[in-house]
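A.B. asks: To start, I am sharing the structure in question, which I have written as structure tokens.
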Amino acid sequence: MISRSALSRGSQQALRRAGAAKTVQRAFAAAASEKASYEPTTIAGLKVASRDDHGPVTRLAVVAKAGTRYEPLPGLTVGLEEFAFKNTQKRSALRITRESELLGGQLSSYHTREGLVLQANFLREDLPYFAELLGEVVSETKYTTHEFHEEVEGVIRQKQAKIGNDGVALDAAHAVAFHTGLGNPLYPTPETPVGSYLNEHNVAAFAEAAYTKANIAVVADGASQGGLEKWLEPFFKKVPAQSEGKLSTDAAKYHGGESRIARNGLNSVVIAFPGTALGASSPETAVLIGLLGGESTVKWSPGFSVLSKITAANPGAQAKAANYAYSDCGLFTVQVTGTGSAVSKATQETVKALQSIAEGKVAKEDVVKAIAKAKFNLLSASETSGTGLVHAGASLIGGVKPLQVAEVLKSLESVTADKLTAAAKTLLQGKASVASVGDLHALPFAEDLGLKV
């Protein structure tokens, strides 16, 4: 028989181990939070955000206010993206490629609805070369006719051919939500008549308006403040402070509505509501996304989040919740994709689930799991992908302070079931933006779902 003293000793040891584990977790969280936040500054008129974990690899990016929201004509953002790292006044595209490969670096360009990103990943000691290269791309790129026809147009057509119905549905949801600006498609479809707008001359004019110190931010992950001050000033001195060309900077206005597009392929439905903007304090939104979930976090299991249970009960459907944060607004979305009947049923059950949350039917255990998921989403987005880098740049060019991870983590812990109920109720009481793409005979209308548009 086991004595009480032995049980007592075992319990004390277990408690000590648990306490030590919590201390370690807090230490890890503090360290992760400290590294995850970008610190803003200004160098020679440039908006700069940086963080440094003293590792061997650096990521350096220029984020320009040249996303599809700001393009004056259709297709100019993708044209400017594809001209990145082509011929400049000093170097040919071939030379840029060979020099980068010799240094083991990686070059990429991509865009969001608000920003165009020129990014270089490289060994830490090669900061001078890549800082010079990015400054050169911004201020001295040649927008030549032969490159446009031989390289840029072909790549754009290849990417257009890969646009799926899920992308079309997300674009349609933005279009009914915001109309122009943020309502512009992220990438023009093959049906979009860009031929009369997209050419090397218009791309060059757009670059002149966008590539100014007022409209760009430089973001560094893994570079010292001293190194940035030393190399950014001389290599970005040719970037003008302002330009005669002006970008459209009208404030976003949410409208709501419904769009239905008949298209072959998988079916996709997006249900959207006004979301949270960059820099806005709304931890309930992040936790609500964690509660809804949709993507399994455990191999060979559909998961146990709200959307995971719905898709598990409707084979052939996939669902995901997200908040698209922009400088002055946001769009909270739930997207369901798959076969017609599965999407139809899963979409109806998704709306019922939101209504259930709005009625206060949220278990305390589910709130705890949702908060943990929201914390993981926040830290992993910053640590393991370029999301944090892009958001920091977008915040700077949008006049918003970059995300302070430690503050957000603390605010997530304050979310309760009542706050989630209030957040869901606010969404459902407002106007929704609903986009359906695919077999419209099988996909429900917003009215059938009980949504106001």
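A.B. asks: Can you list the residues, at least 5 places off or on another chain, whose amide H is less than 5 Å from the amide H of S305, using H built in the peptide plane?
C.D. replies: Sorted by chain and number, the residues that satisfy this are G294.
A.B. asks: How much length, in nm to one decimal, is gained on full extension between F376 and S224, taken as 0.36 nm per residue of separation minus their Cα-Cα distance? Kindly include the intermediate steps, with their values, before the conclusion.
C.D. replies: Details: separation 152, 0.36 × 152 = 54.72 nm, distance 2.67 nm.
Full-extension gain reported as 52.1 nm.
A.B. asks: Same structure again: Whose amide H sits under 5 Å from the amide H of I261, counting only residues 5 or more places off or on another chain, with H placed in the peptide plane?
C.D. replies: S436, V437, G438
A.B. asks: Work the Kirkwood hydrodynamic radius out for the stretch 375-453: mean of 1/r over every pair of different alpha-carbon atoms, inverted, in Å. Don't jump to the answer; show the numbers that get you there.
C.D. replies: On the way: mean 1/r = 0.0618 Å⁻¹.
That comes to 16.2 Å for the stretch 375-453.
A.B. asks: Using only the alpha carbons of the stretch 229-357, determine the length spanned along each of the three principal axes and report them from longest to shortest in whole angstroms.
C.D. replies: 59, 34, 30
A.B. asks: With a ≥ b ≥ c the root eigenvalues of the C-alpha gyration tensor of the stretch 171-258, is it rounded (a/c under 1.5), prolate (a/b larger than b/c) or oblate? Intermediate results must be reported in sequence, preceding the final value.
C.D. replies: Values: a/c = 2.45, a/b = 1.77, b/c = 1.39.
Note, shape of the stretch 171-258 comes out prolate.
A.B. asks: Follow-up. Compute the Rg/Rh shape ratio of the stretch 412-453: radius of gyration over Kirkwood radius, all on alpha-carbon atoms. Before the final figure, lay out the partial values.
C.D. replies: On the way: Rg = 14.6 Å, Rh = 12.4 Å.
With Rg and the Kirkwood Rh in hand, the quotient comes to 1.17.
A.B. asks: Further question: For the stretch 206-275, state which trypsin sites (Lys or Arg not before Pro) are in a DSSP loop and have at most 10 other beta carbons lying within 10 Å of their beta carbon.
C.D. replies: Values: sites: K213, K230, K237, K238, K246, K253, R260, R263; in loops: K213, K237, K238, K246, K253, R263.
Sites meeting the loop and neighbour criteria: K246.
A.B. asks: Let me ask something else. Spelling out what I want: for every residue of the stretch 262-274, take phi, set θ = phi - 60°, compute 6.51 cos²θ - 1.76 cosθ + 1.60 (Karplus), and round to whole Hz; glycine and proline get x.
C.D. replies: My calculation for the stretch 262-274 gives 7, 7, 5, x, 5, 8, 8, 10, 10, 10, 10, 9, x Hz in order.
A.B. asks: Still on this structure, please answer the following. For the modelled label position 7 Å from the Cα of K253 along Cα-to-Cβ, which residues of the stretch 388-431 have backbone nitrogen atoms closer than 11 Å?
C.D. replies: none
A.B. asks: How charged is the neighbourhood of H149? Take every other residue with its Cβ under 13 Å from the Cβ of H149, and add Lys/Arg as +1 and Asp/Glu as -1. Numbers along the way, then the final one.
C.D. replies: Numbers: positive: K86, R157; negative: E82, E147, E150, E151, E153, E200.
Taking every Cβ under 13 Å from that of H149, the sum is -4.
A.B. asks: For the stretch 105-116, in order, what is each residue's ³J(HN,Hα) by Karplus, 6.51 cos²θ - 1.76 cosθ + 1.60 with θ = phi - 60°, in whole Hz (x at glycine and Pro)?
C.D. replies: For the stretch 105-116, the Karplus curve yields x, 10, 10, 8, 9, 7, 9, 10, 6, 10, x, 10 Hz.
A.B. asks: In percent, how large is the relative contact order of the chain, given Cα pairs closer than 8 Å and 6 or more residues apart? Provide the component values of the computation, followed by the final result.
C.D. replies: Values: 862 pairs, mean separation 95.9, N = 453.
Once divided by the residue count of the chain, the mean separation gives 21 percent.
A.B. asks: Evaluate Rg over Rh across the stretch 130-229, taking Cα atoms for both radii and Kirkwood's formula for Rh.
C.D. replies: Numbers: Rg = 17.2 Å, Rh = 16.5 Å.
Checking Rg against Rh, the ratio lands at 1.04.
A.B. asks: Now for a different question. Where does the Debye-calculated log10 I(q)/I(0) of the stretch 308-453 sit at q = 0.13, 0.17, 0.21 Å⁻¹, using only Cα point scatterers of equal weight, no solvent?
C.D. replies: Debye output, listed in q order: -0.74, -1.17, -1.38.
A.B. asks: Shifting gears a bit: If you average 1/r over all unlike Cα pairs in the stretch 239-306 and invert the result, what Kirkwood radius do you get in angstrom?
C.D. replies: Numbers: mean 1/r = 0.0580 Å⁻¹.
17.2 Å is the Kirkwood radius here.
A.B. asks: Treat each spin label as a single point 7 Å out from the Cα along the C-beta direction, and report the S108 to T416 distance in nm.
C.D. replies: Going by the 7 Å Cα→Cβ label model, 4.2 nm.
A.B. asks: Could you tell me the center-to-center distance, by alpha carbons, between the stretch 281-341 and the stretch 61-125 in angstrom?
C.D. replies: Answer, in whole Å: 32.
A.B. asks: Nearest-5 percent of antiparallel DSSP beta bridges in the chain?
C.D. replies: Numbers: 48 of 59 bridges.
Restricted to the chain, the bridges split so that about 80 percent are antiparallel.
A.B. asks: From the P(r) of the stretch 24-174, can you give the percent of Cα pairs sitting at distances over 18 Å? Working shown, then result.
C.D. replies: Working: 7601 of 11325 pairs.
It works out to 67 percent of all Cα pairs.
A.B. asks: Using modelled backbone amide H atoms (1.01 Å from N, in-plane), which distant-in-sequence or interchain residues come within less than 5 Å of Y197's amide H?
C.D. replies: none
A.B. asks: Filter the trypsin sites (Lys or Arg not before Pro) in the stretch 28-118 down to the DSSP loop ones having no more than 16 other Cβ atoms within 10 Å, then list what survives. Display every interim value, and only then the final one.
C.D. replies: Working: sites: K35, K47, R51, R59, K65, R69, K86, K90, R91, R95, R98, R113; in loops: K65, R69, K86, K90, R91, R113.
Of the trypsin sites (Lys or Arg not before Pro), the ones in loops of the stretch 28-118 whose Cβ has at most 16 other Cβ atoms within 10 Å are K90.
A.B. asks: Quick one: net charge of S301's neighbours, Cβ under 13 Å, K/R +1, D/E -1?
C.D. replies: +1
A.B. asks: Which lysines have a Cα lying under 17 Å from the Cα of K230, excluding residues fewer than 8 positions away in the same chain?
C.D. replies: K47, K238
A.B. asks: Please compare each pair in K352/K410; K86/K401; K90/K237 to a cut-off of 23 Å on the Cα-Cα distance and tell me which ones are over it. Intermediate results must be reported in sequence, preceding the final value.
C.D. replies: Values: K352/K410 31 Å; K86/K401 33 Å; K90/K237 15 Å.
Pairs exceeding the cut-off: K352/K410; K86/K401.
A.B. asks: Over every pair of different alpha-carbon atoms in the stretch 215-278, take the mean of 1/r and invert it; report that Kirkwood radius in Å. Mind dumping the intermediate values first?
C.D. replies: Details: mean 1/r = 0.0561 Å⁻¹.
It works out to 17.8 Å.
A.B. asks: Tell me, how many Å apart are the Cα centres for the stretch 351-417 and for the stretch 156-201?
C.D. replies: Cα centroid of the stretch 351-417 versus Cα centroid of the stretch 156-201: 28 Å apart.
A.B. asks: Tell me the net charge near A446. Cut-off is 9 Å between Cβ atoms, A446 excluded, with +1 for each Lys or Arg and -1 for each Asp or Glu.
C.D. replies: Numbers: positive: K452; negative: E258, E447, D448.
Around A446, the surrounding residues sum to -2.
A.B. asks: What FRET efficiency, computed as 1/(1 + (r/R0)^6) with R0 = 45 Å and r the Cβ-Cβ distance, is obtained for K299 and E244, rounded to the nearest 0.05?
C.D. replies: Values: r = 56 Å, r/R0 = 1.23.
So, using R0 = 45 Å, E works out to roughly 0.20.
A.B. asks: On average, how much area does the Cα convex hull of the chain cover when viewed from any direction, in nm²?
C.D. replies: Numbers: hull surface 102.6 nm².
Seen from a random direction, the Cα hull of the chain projects 25.7 nm² on average.
Taken together, the values in this text are just the output of simple stated rules run on the coordinates, not laboratory data. Computed from a prediction, not measured in an experiment: that's the story for all the values here. Note that we place each Cβ from the backbone using ideal geometry, even for glycine, and neighbour counts take in every protein chain shown.
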